[in-house]
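Just below is one structure, and these are the notes that go with it.
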Amino acid sequence: AQRVTQPEKLLSVFKGAPVELKCNYSYSGSPELFWYVQYSRQRLQLLLRHISRESIKGFTADLNKGETSFHLKKPFAQEEDSAMYYCALTPSGTYKYIFGTGTRLKVLA
Amino acid sequence: ETGVTQSPTHLIKTRGQQVTLRCSSQSGHNTVSWYQQALGQGPQFIFQYYREEENGRGNFPPRFSGLQFPNYSSELNVNALELDDSALYLCASNFGGGGSGNEQFFGPGTRLTVL
């Protein structure tokens, strides 16, 4: 079965500390993986996708096919990073996102 | 450029009733997807419409149905409402149909409460 697991519902870190939001997936083929973010009172929006290999707002995510993971990392958290983060998978050649349950990141001053 | 809009914002219905939710896609987008997000859960894919045709469906019963219009706006219809249908319903649009790598742009959602 195709599944995305985000084991942490809530992650609290202090400002300036490193952040890692975990995402594991279950899919036998080559997935496309994304991180979406929802800031308070805003709509869900794309943060980054693995095919772009980009860094957005200091966040990076590396696809590890051996561990079937796509963890989101940032070396120094900022208060404005506080938000809900969702990892999502698109099975290759298909039309839908499969979302994880999300992790709420709280960056404390 | 106009973003994805959804109406209404909130809706309260009783069990057994029918509901229609509406979505206007972002300018230039020809594909609309609908998701159901229950409290504390991630969005669950309901179905997608591309150029007025259903382009794929998730694990939702037939009482969830949809339409896409020539201007690419879309409706989600739910018949015989059940208490478990209470959720936030999200609409997302993109250009070019489904498939890997397509960023979807989300609307603000419609909060449906079934009593």
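For segment B:75-91, in order, what is each residue's ³J(HN,Hα) by Karplus, 6.51 cos²θ - 1.76 cosθ + 1.60 with θ = phi - 60°, in whole Hz (x at glycine and Pro)?
Along segment B:75-91, the couplings run 10, 10, 10, 10, 9, 6, 4, 10, 4, 5, 6, 4, 5, 8, 9, 10, 10 Hz.
Residues in segment A:67-92 near a label at A:A17, defined as backbone nitrogen under 17 Å from the 7 Å Cα→Cβ point?
Answer for this model: A:72-83.
Taking Cα atoms of chain A, Rg/Rh with Kirkwood Rh, to two decimals?
With Rh from the inverse mean 1/r over Cα pairs, Rg/Rh is 0.96.
Of the DSSP beta bridges with both residues in chain A, give the percent that are antiparallel, rounding to the nearest 5.
Approximately 85 percent, going by the DSSP bridge assignments.
What Kirkwood Rh does chain B have if only Cα atoms enter the pairwise 1/r average? Answer in Å.
14.0 Å
Using the Cα atoms of segment B:23-67, I'd like the radius of gyration and the largest Cα-Cα distance, Dmax, both in angstrom.
Values for segment B:23-67 (Cα only, Rg and Dmax): 11.4, 32 Å.
Once you keep just the Cα pairs under 8 angstrom separated by 6 or more residues, what percentage relative contact order results for chain A?
Dividing the mean separation by the residue count of chain A yields 39 percent.
Give me a single rounded figure for A:83-93: the average over its residues of other chain Cβ atoms within 10 Å of their Cβ.
2
Across peptide A:95-106, how many C-beta atoms of other chains are within 10 Å of each residue C-beta, on average?
Other-chain Cβ atoms within 10 Å of each residue's Cβ, averaged: 5.
Evaluate the relative contact order of chain B (contact order divided by residue number), counting alpha-carbon pairs under 8 angstrom at least 6 apart; express in whole percent.
37 percent
Would you tell me the mean number of C-beta atoms belonging to other protein chains that fall within 10 Å of each C-beta in B:38-49, as a whole number?
4
Tell me the net charge near A:P75. Cut-off is 14 Å between Cβ atoms, A:P75 excluded, with +1 for each Lys or Arg and -1 for each Asp or Glu.
+1
If you count, for each residue, the other Cβ atoms within 10 Å and average over each peptide, how do A:96-108, A:55-67, B:71-83 line up from highest to lowest?
Taking the mean over residues of other Cβ atoms within 10 Å, the ranking is A:96-108, B:71-83, A:55-67.
Per the Debye formula with a single identical scatterer at each Cα and no solvent contribution, what log10 I(q)/I(0) holds for the protein assembly as shown at q = 0.10, 0.13, 0.14 Å⁻¹?
-0.45, -0.76, -0.87
Explain nothing, just the number: dipole magnitude of segment B:36-99 about its Cα centre with +1 on each Lys and Arg Cβ and -1 on each Asp and Glu Cβ, in debye rounded to the nearest 20.
140 debye
May I ask what percent, to the nearest 5, of DSSP beta bridges between residues of the protein assembly as shown are antiparallel?
If we restrict to bridges inside the protein assembly as shown, about 85 percent are antiparallel.
Beyond 29 Å between alpha-carbons counts as too far, so tell me which of A:K15/A:K96; A:K9/A:K96; A:K73/A:K96 fall in that bin.
Among A:K15/A:K96; A:K9/A:K96; A:K73/A:K96, the Cα-Cα distance tops 29 Å for A:K15/A:K96.
None of the figures in this text is laboratory data; all of them are computed from the coordinates on show. Note that this is a predicted model, so its numbers are computed, not measured. Here the Cβ is made from the backbone with ideal geometry for all residues, glycine too, and neighbour counts use every protein chain on show.
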